[in-house]
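To start, the structure itself, in structure tokens.
The values are calculated or read from the model by the stated rules, or taken from the named source; none is laboratory data. These numbers come from a predicted model, not from an experiment. To get the accessible areas, we keep the full protein, side chains included, count just its heavy atoms, and leave off ligands, DNA and RNA. Shrake-Rupley method; radii C 1.70, N 1.55, O 1.52, S 1.80 Å.
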Amino acid sequence: MSLTRETADVHVEHDGTAGGTVSLTIDGQAVTCRRGETILEAARQVDIHIPTLCHEPRLPAAAACRLCIVEVEGSPKLLPSCSTPAAEGMVVKTETERVRVTRKLYLELLLSDHDSFCTPPCRDACPTHIKIPQFLDYIAHGDYANGVRKLREDLPFPAVLGRVCPRPCEEPCRRQLVEHPITICWLHRFMADQCLDDEQLGELLLPVEPAPESGRRVAIVGAGPAGLSAAFYLRLEGHGVKLFEAMPKPGGMLRYGIPSYRLPRDVLEKELNVVWRLGAELQCSVRLGVDFSLEDLLAEYDAVFLGLGAFNSNDMGIPGEDADGVVSAIDFLGELELTGDVHVGRKVTVIGGGFTAMDACRTSVRKGADEVTVLYRRSRKEMPAHHNEVDEAEEEGVRLELLTAPVRVLTDDSNAVVGIEMQRMELGEPDASGRRRPVPIEGSDYVVECDQVITAIGQHPNLDGTAPEQGVHRTRWRTVEVDEWTYQTKDPRVFAGGDCVLGAQTVVQAVAHGKKAAWSIDAFLRGDDMSEVSRTLAELRAAPFYSSISRKADLDPRVARMAEIPPVFLDMTTDVSRPSPPADMPKLSPAARRTDFGQIELGLPEAEARRGASLCLDCYCPANGTCDLQRYGIEYEVFSNRFHGGTVHSRPADFRHDFIMREPDRCINCMRCVRICRHEVGASCYDAMGRGFDTIVATPDDLPLQMVGCVSCGKCAETCPTGAITTNPRVLESYGLDESRCMFCGECVEVCPYDALEQTEVFELADFDRPRLARQRLYERPERALDPLRERLTDLVPHVLDSLKGRGWVWGATGDEASDGCDDGEGGVD
Amino acid sequence: MTSRADTIQAALRSAFHPDAVAVREGESEVRVCGGASCSGLGGRAIVDAFNDELSRRGIHYDWRVVETGCHGLCGHGPVVVVEPLGVFYPGVTPGVVPEIVETTLVAGRIVERLLYADPESGQKVARLKDLAFHEGQRRVVMALSEEMDPTCIDDYLARGGYRALASVLTEGDPETLIDVVAASGLHGGGGPAAGGASRWRHARAAVADAKYLVCSAVDAEPGAPVDASVAVSVPHQVIEGAAIAAYAVGASYGVVYVPSGHRRAIERLELARAQCRDRGILGADVLASGWRFDLDVAEGDDVVVCRDATALMASLEGHRAVPQSTATTPSGPCLWDRPTVSESAATLAAVPWIVANGVAAYAAAGEGSAHGTRMLMLLGGVRHAGLVEVPEGATLREVIERLGGGPRGDRGLKSILVGGALGSCLPASFLDLHLSAEELRAVGVGPEFGSLVAVDDGTCMVDLARSLLAHSQRESCGKCVPCRLGTRRMLEVLERIVSGQGREDDIDLLEELGQHCAAGTQCDLGSGAADPVLSTLRFFRDEYEAHILEKRCPAGSCPALVTFSIDAERCTGCGDCVPTCPVGAIEGRPDQPHVIDIGGCRRCGACREVCRFDAVTVHSGIAPAVAAPDGRGR
């Protein structure tokens, strides 16, 4: 039997006495610590942070995760600092290249069998970052009103977006690893529809109580998606809002660009009612630069938000464009909305492949065109319109002609359109957008006969009402120039967002802009230094997730909520099952659609919606944001894993205990729960089982915790460095006993599965450790919290900070605090 | 002689019950090897067959049939030796027992037919001692193994058993005893590395209310049960060694830790312990000397990680067998917080011999400057495989070629695997390496290992590394990340290489993983697990490159990377292979050379087995240009 190699390699003094001190050098810094203390403890005294996953200051070292390895001069091996005693004259280096490379490898290994995800990809993909798993949970439970409240934390118009959104959230849905993605968009439409009518007269479904009136007033130019969204969130913050709209009715592109078969006008009206009922004022048919100027607004209001939209169509730039019968899709759709009718030719061609092109061609069909052809210069795959819409258009009789571009509009003597000359294209090299660039084929010209040409090749904002002298500068793409993070123009009082900043983009992007601009305006109105805010936000976005967490505690809550968390894509892997495809949306038949502007998508039946929502895999981790493995993964940049494709464990989660949830797939066998349960609690609920790769921490015979002596203290969840053990919220803190009615039969003591009741002389409730637990608000969340920023750091900052400090998380902790932790470890906690 | 000495001698004498040994030493005995391999092959049935046959003939009072300890010749079991002729028969079955009784026992003649024949010269070897395998060994630990019944304490006492303990108790100076052990340089097979005696000294010097001795019979590596074999063969010698060591360090209680899989070792040790208590050799008054020492046999976890003393202590204390990182004391890790000395069974079994024969004799057992002997499982492609005890400092050549008889068949020796699944594959050019701690360390092998495996040239080194790693990674206790996860990922890379899916950077990946496993784990299991991979990468890198870059297996053994074809000149068109092929990939007209359809062939090798004309040949590589005779092949 040899000594273990580690201890054999380093000479350790064994003088039998624990007294005295030793001096050593850590990263060039001289450190004096008590004899018997480990290198890790010595390093923490001088604020040198050595990463560790399995170290628990209250317990003897385990040296299982091996992340705390350091280089010690004279030792050929890297030594685990948590179990190597500091020795006189030792020279320790904690951050050498060799150490970093080794740590990274260990993290890669850990993550290669960590079948879990940090963040839900749907939420990352959505520009507004709606809390998708949470509201799906509400739908699954039939609690639609609270679902709408949850959703409106990030998106005010679920019924509208549920009809018109291009659904970036569904693209990355992990459900499609086994079958189809969750139909997130249809589901939130269903949820919102259930509440729409009730809300008209009843209580507004708001995410928070609106703040009291602040006395500040904000003017919003343009009552489109961006402006309305800004109005909603500004009203919630208590600021007065007035919207100025050039068109006769509010809604912007929602009303004048999207046909009613996609977005019925009654739905739009009802949903916008929320904004009016919150107290936003509206003035229609007034145009910036014609009826009023920016100066007028600034004289009267504390801030201005420009949500001007992008209503000017791009020109094709070909001869004959000014012919009779050539019309832009925006004008075409707008005229229909304004007048209730629009002229449609017999043979209509639509140029373009986006949403607007689809709206134009399908409207033409409905208005009685004999033949409608869409001409698009790339292939079907590259069409910006959602594939559903293209399919539906074809069902309705629209003909697609792909890989063709207009050369010239042909006219007769009266300058009326008779046809359009087209040229065939082929796909060349990918361009900046990643799509393959169309290249003309020489000599492939041909003529498409038609009597109307509708152009839908993009729009740009009309910025006539603003001028650079007013502080509203323009970019070279003819959009408003704003600060990337605060949406502030050069005039600090003027903010802008939506299509007038983005160029013609989607509704959901405009809504996201409006929301973030509203928060930014709120910060401005409350006197925050906006350049500082912008700088901080830029840093937070660029910096790794965790350094931002440790910094965000210093942030104003208003800034904190603006800081989007960069999604965490630690390269992990999963194996999901439960196949059962979501239901399709019931639709009007193509024949019925051809003549009718009625809504095509009829809405999901309730049973299907609830089932569809329950298909969500909840593929995110409750420990997201507090997970040590995640933090180190980001710190050591484990963003692609060389060990993919190997075996990954898939073990069932254990929700049998009412308070403690276990997900073994997230377990990294650090043994902290095992040790704390054995040494501190004395219950010994856990131990490692199995050998080799299959080693896993488990309860004896995989029994539920309440059957193996668990006292529900939650210490295992508290110490777990990942999301393998987490706690359910406890709604009740304790049960009271009505002693006037109790007859001391003792039945309750007998039947309690958790042994929480005890027969005493006074027959009281014996309530183990709950008062202390109740103080730990960290674990008492209204639901499984997802957003560390808004829910953990703003509402719970003091608690989170305490908890983080206790776990050695806050790197800026002072020496006093750090050594406090060590003292605890030395003295032992009772 | 003092009266104390007399008392002890008297106690020793009274412990011996000569009547229990029916036949005197050197008289007529049939010794059936009771080693793990021979008994697994039916040794017990042969003992019964001899007894039945002798009873049937009514001569069972003249002969004693003994199931002895291991003879070592595990590759030729079950082995039977008839004394006093000394003739030995390998591979005995119950069917030939009457013939042996008839010819050898009754008539005193040798059954030529059943003798061991040298495969090359065909020369018959009648006496075990004439076999180079036996001759080249030097037996210290196993000196008495093949002549004693391990279940019989009187056999041991008759051969001087427990005399060493008695003399130690008589002379009574533990310090001197430790000096003797230190001077002997005891560090035989699986023994403590240098500094063993200093651990004894520290334990001796420590002040404590109790001290313990732990004797471990855990395998040195997966599949090399050296210490368990010692316990099975000479259990009393282990107990005597343990008692002497306990006396030296001042321990009053000892535990023999035997993995639960070694049932026979547990049974033999428990029986031996019961006998010792019965005869006053263990207990409150050891050999009436007034010294108290008792010993228990602990049935432990069947895991190699218990080779690490801290893991063994944790297991003994009732916890999971996991190496502990809490600081150990100079005497080694503690059991129940008391000073504890832990040694392997093979080491302790050598102690009585050293005490009885002296330091000089023990030193002389080694070769060159090395002291003592080393116990090894000699395995792999050698003619004589088995459990051997060789002089410390012997060369690999002596062990492999002299004892093992060189590679089996017409194969050449390609590599020597020193240390099994936790060891290193050395190329054949290392044959002159001495089995001494210094030289082994120089080639990256630890001093403790349990087996030598001769690897012949038909073995693919990549696949060997894969199978060794597959073995050892299952043994990980799961504590250290590089061992639990790293070895598995290494295995996956190796699996991908042998199945022809290797990637260009796999060699670098393996090296990186291997080095981190070796450097970043706590115990020797984690570091040893990577050794087969790292050593094959070092010495047989070309094989890895051939697998990955050229998609061929140079040894022609990885099914995914070879091609089968039929040699048209040899093929007679007998057609035997056609129905044998499970996928119907062989076709041909009667009496015409047949052809294997390479696209359909699953490379199972069934046709090669069945072919009487050696016409099926294996080519290294996936699809070389194999020209079929009539141009039909691809």
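For A:MET661, which sequence-distant residues (separation of 5 or more, or a different chain) have an amide H within less than 5 Å of its own amide H, given hydrogens modelled in the peptide plane?
A:THR726, A:THR727, A:ASN728
Which lysines, on any chain, are close to A:LYS515 with Cα under 27 Å apart, when same-chain ones fewer than 8 places away are left out?
A:LYS131, A:LYS150, A:LYS242, A:LYS249, A:LYS270, A:LYS490, A:LYS552
How large is ³J(HN,Hα) for each residue in segment A:672-681, as worked out from phi by the Karplus curve 6.51 cos²θ - 1.76 cosθ + 1.60 (θ = phi - 60°), to whole Hz, x for Gly and Pro?
Values per residue, Gly and Pro as x: 5, 5, 4, 6, 5, 5, 7, 8, 9, 8 Hz.
Out of the total accessible area of segment A:603-667 (probe 1.4 Å, heavy atoms of protein only), what percent is carbon and sulfur?
Details: 1230 of 2410 Å².
Carbon-and-sulfur percentage of accessible area, whole number: 51.
Taking only C-alpha pairs under 8 Å that are 6+ residues apart, what is the relative contact order of segment B:285-391 in percent?
For segment B:285-391, the relative contact order is 12 percent.
If you average 1/r over all unlike Cα pairs in segment B:467-511 and invert the result, what Kirkwood radius do you get in angstrom?
Answer for segment B:467-511: a Kirkwood hydrodynamic radius of 10.9 Å.
Return the residues of segment B:465-503 for which accessible area with all protein chains present is lower than in the chain on its own by 50 Å² or more; set the probe to 1.4 Å and exclude ligands, DNA and RNA.
Residues losing area: B:LYS479, B:VAL481, B:ARG484, B:LEU485, B:ARG488, B:ARG489.
Please quote Rg/Rh for segment A:310-392 to two decimal places, taking the Kirkwood radius as Rh and restricting both calculations to Cα atoms.
Numbers: Rg = 12.7 Å, Rh = 13.5 Å.
Radius of gyration relative to Kirkwood radius: 0.94.
Taking only the alpha-carbon positions of segment A:198-301 and ignoring solvent, what does the Debye formula give for the base-10 log of I(q)/I(0) at q = 0.13, 0.17, 0.19, 0.23 Å⁻¹?
Here the Debye-derived log intensity ratios amount to -0.49, -0.81, -0.98, -1.26.
Using the Kirkwood formula over every pair of different C-alpha atoms, what hydrodynamic radius in Å results for segment B:195-272?
13.3 Å
With every protein chain kept in the model, how would you rank B:LYS124, B:LYS551, A:LYS77 by accessible area, 1.4 Å probe, largest at the top?
B:LYS124, B:LYS551, A:LYS77
Largest first and in whole Å, give the semi-axes of segment A:314-359's equivalent ellipsoid, each being the square root of 5 times a Cα gyration tensor eigenvalue.
Working: eigenvalues 65, 36, 23 Å².
Equivalent-ellipsoid dimensions as semi-axes: 18, 13, 11 Å.
Output ³J(HN,Hα) for segment A:34-49: one whole-Hz value per residue in order, computed from phi by the Karplus curve 6.51 cos²θ - 1.76 cosθ + 1.60 with θ = phi - 60°, and x for Gly and Pro.
So the Karplus estimates, Gly and Pro as x, are 5, 4, x, 6, 8, 4, 4, 5, 5, 5, 5, 5, 10, 6, 8, 8 Hz.
Can you give the log10 of the normalised intensity I(q)/I(0) at q = 0.13 Å⁻¹, computed with Debye over equal Cα scatterers of segment B:416-465?
Log10 I(q)/I(0), no solvent term: -0.28.
With viscosity set to 1.567 mPa s and temperature to 4 °C, compute the Stokes-Einstein D of segment A:405-538, Rh being the Kirkwood radius across alpha carbon pairs; µm²/s, no decimals.
70 µm²/s
With a cut-off of 8 Å between alpha carbons and a minimum separation of six or more residues, what is the relative contact order of chain B in percent?
11 percent
Going by a 1.4 Å probe on protein heavy atoms, which residues of segment B:272-320 end up with at least 50 Å² less accessible surface in the whole assembly than in their chain alone?
Listed by number, the residues meeting the 50 Å² cut-off are B:ARG320.
Over 18 Å apart: what share of the alpha carbon pairs of segment A:337-478 falls there, rounded to a whole percent?
62 percent
What do you get for the angle between helix B:174-184 and the principal long axis of chain B? Use alpha-carbon atoms, 0 to 90 degrees, nearest ten.
That works out to roughly 30 degrees.
Based on the Cα coordinates of segment B:259-321, what is the per residue volume of their convex hull in Å³?
In segment B:259-321, the Cα hull volume divided by residue count equals 88 Å³.
Taking amide hydrogens as modeled 1.01 Å from N in the peptide plane, which residues meet the under 5 Å criterion relative to A:GLU401, leaving out close sequence neighbours?
Counting only residues 5 or more places away or on other chains, the set is A:VAL374, A:LEU375, A:TYR376.
Along the three principal axes, how long is segment B:482-634 when you take its alpha carbons, biggest first, rounded to the nearest angstrom?
That gives 64, 24, 23 Å along the principal axes, largest extent first.
Can you give the convex hull volume of the alpha carbon atoms of segment B:287-417 per residue, in Å³?
Given the Cα convex hull of segment B:287-417, per-residue volume reads 188 Å³.
Would you kindly calculate the mean projected area, averaged across all directions, of the convex hull enclosing the Cα atoms of chain B, in square nanometres?
Taking a quarter of the hull surface, the average projection is 30.9 nm².
For segment B:102-230, which whole-number percentage of the solvent-accessible area (1.4 Å probe, protein heavy atoms only) is attributable to carbon and sulfur atoms? Could you put the intermediate results ahead of the total?
Numbers: 2380 of 4900 Å².
That fraction is 49 percent.
Under the Kirkwood approximation for Rh and a Cα-based Rg, what ratio Rg/Rh is obtained for segment A:47-106?
0.94
Jot down the radius of gyration and Dmax of segment A:149-226, Cα atoms only, both in angstrom.
In Å, with Rg to one decimal and Dmax whole: 16.1, 53.
Below 24 Å, Cα to Cα, which lysines can A:LYS347 reach? Residues fewer than 8 away in the same chain don't count.
Partners found: A:LYS367.
For the protein assembly as shown, what is the accessible area per residue in Å² when the probe is 1.4 Å? Don't skip to the end; give the middle numbers.
Details: 57150 Å² over 1464 residues.
Per residue, the protein assembly as shown has 39 Å² of solvent-accessible surface.
In square nanometres, what is the average projected area of the Cα convex hull of segment A:578-642?
Working: hull surface 35.5 nm².
Answer in nm², one decimal: 8.9.
I need to check one value: relative contact order of segment B:1-134, counting alpha carbon pairs closer than 8 Å and at least 6 residues apart, in percent.
Numbers: 179 pairs, mean separation 29.9, N = 134.
Over segment B:1-134, the number comes to 22 percent.
Please quote Rg/Rh for the protein assembly as shown to two decimal places, taking the Kirkwood radius as Rh and restricting both calculations to Cα atoms.
1.09
Given H placed 1.01 Å from N in the peptide plane, which residues other than close sequence neighbours of B:GLY380 have an amide H under 5 Å from its amide H?
Counting only residues 5 or more places away or on other chains, the set is B:ALA454.
So what's the Cα pair-distance distribution over segment B:349-481, bin width 10 Å, in %?
12, 39, 31, 14, 3
For q = 0.10, 0.19 Å⁻¹, what log10 I(q)/I(0) does segment B:30-134 give under the Debye formula with an equal point scatterer on each alpha carbon and no solvent?
Each listed q maps to, in turn, -0.24, -0.89.
Which of the lysines could a cross-linker span from A:LYS93 if the Cα-Cα distance has to be under 19 Å and same-chain partners fewer than 8 positions apart are dropped?
A:LYS77, A:LYS104
Residue-wise, which Karplus ³J(HN,Hα) couplings in Hz belong to segment A:620-629, taking 6.51 cos²θ - 1.76 cosθ + 1.60, θ = phi - 60°, and x for glycine or proline?
Once rounded to whole Hz, the list reads 9, 10, x, 8, 3, x, 10, 7, 5, 4.
Just to check, using Stokes-Einstein with a Kirkwood Rh over alpha carbon pairs, what's the diffusion coefficient of segment A:232-353 at 10 °C and 1.306 mPa s in µm²/s?
Translational diffusion coefficient: 93 µm²/s.
What ratio of Cα Rg to 2.2 N^0.38 Å holds for segment B:81-223?
1.52
Extent of segment B:181-336 along each principal axis, from alpha carbon coordinates, in Å, largest to smallest?
40, 36, 32
Interface size between chain B and chain A, please: total buried accessible area, 1.4 Å probe, rounded to the nearest 100 Å².
So the total buried area for this chain pair works out to about 4000 Å².
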